[in-house]
Ligand code: NAD
Ligand code: ZN
């Protein structure tokens, strides 16, 4: 952690690349930890089956029940990892946060430059007329008996603006990710298994030689890192605070 402290001290264009592990300390389960969503059985479906475009279109009711129960946490609060990143940005040392998360916690903490690779549950739109809905408006339209949120304008259903399995990332988001990673002098990947593609491959847009990985378990990118810290990200980032 002292090594990380020194690296942060010497860097002014830090990019943080995060995933679900960044939010577990806020009480939001990830996918691949022992108590993550991959190991919870939901009517015999695996999360990547449910969280797919095909499932949304063919098994819409169960899709909405699942995301409301397992992926939407309107009351979750940012943790020390989110807070340290806000501080780094305010100190002018952090260029951007690139996150695979859809929980909006970086913005809730106060971070300004956040690239959401997989979208956000806070943005929703009608699949027919495109009308925008906030998360609050969506939740107000869902009940236990009728879990599918319906558009007031056209009667079709409202979906979250998140990238499901079988859907593509937005080109503008990829371009911005590439731009900030090419400019970065230090890349910290944290709380991510680095196994979800294409997101994980974006690490290679970084041209520097200072990749740091903070993750409780090993990742396929460990050999490329100058430093790997297998500890809780809240503790680690909090330790590096100036
Ligand atoms: P993942 O579940 O594949 O991996 C999370 C990693 O974080 C694991 O390797 C785990 O060991 C590690 N981890 C967990 N808690 C940690 C902590 N406190 N400190 C350090 N490491 C910790 O998650 P992923 O790589 O982000 O990929 C999963 C996909 O699921 C993403 O695309 C993401 O969009 C989505 N997802 C998002 C959320 C969210 O928005 N909070 C939650 C679940 C899944
Ligand atoms: Zn509509």
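Taking a ≥ b ≥ c as the square roots of the Cα gyration tensor eigenvalues, the stretch 141-236 comes out prolate, since a/c reaches at least 1.5 and a/b is larger than b/c.
Each residue of the chain gets 119 Å³ once the volume of the Cα convex hull is shared out per residue.
Look at where the Cα atoms of the stretch 140-201 and of the stretch 51-126 average out, and the two centres are 8 Å apart.
The fewest-to-most ranking of 145, 209, 235 by surrounding Cβ atoms within 10 Å reads 145, 209, 235. Compared with the dominant Cα axis of the chain, that is its longest principal axis, helix 60-70 is turned about 40°.
Annotation: the antiparallel percentage among DSSP beta bridges lying fully within the stretch 1-159 is about 45.
Say R0 is 35 Å: what FRET efficiency, to the nearest 0.05, do residue 69 and residue 91 get from their beta-carbon distance? The formula returns an efficiency of 0.35 here. Computed on the chain, with alpha-carbon pairs under 8 angstrom and 6+ residues apart, the relative contact order is 25 percent. Exposure proxy for 177, 58, 84: other Cβ atoms within 10 Å of each Cβ, ordered fewest to most, give 58, 177, 84. Which whole-number percentage describes the relative contact order of the stretch 15-65, with Cα contacts under 8 Å and a sequence gap of 6 or more? It comes to 16 percent, rounded to a whole number.
All Cα-Cα separations within the stretch 4-76 were binned at 10 Å from zero, giving a P(r) of 16, 38, 25, 13, 8, 0, each value a whole percent of the pairs.
The fewest-to-most ranking of 17, 202 by surrounding Cβ atoms within 10 Å reads 202, 17.
None of the figures in this text is laboratory data; all of them are computed from the coordinates on show. Quick caveat, the model's predicted, so the values are computed rather than measured. Cβ: placed from backbone, ideal geometry, glycine included. Neighbour counts: every protein chain shown.
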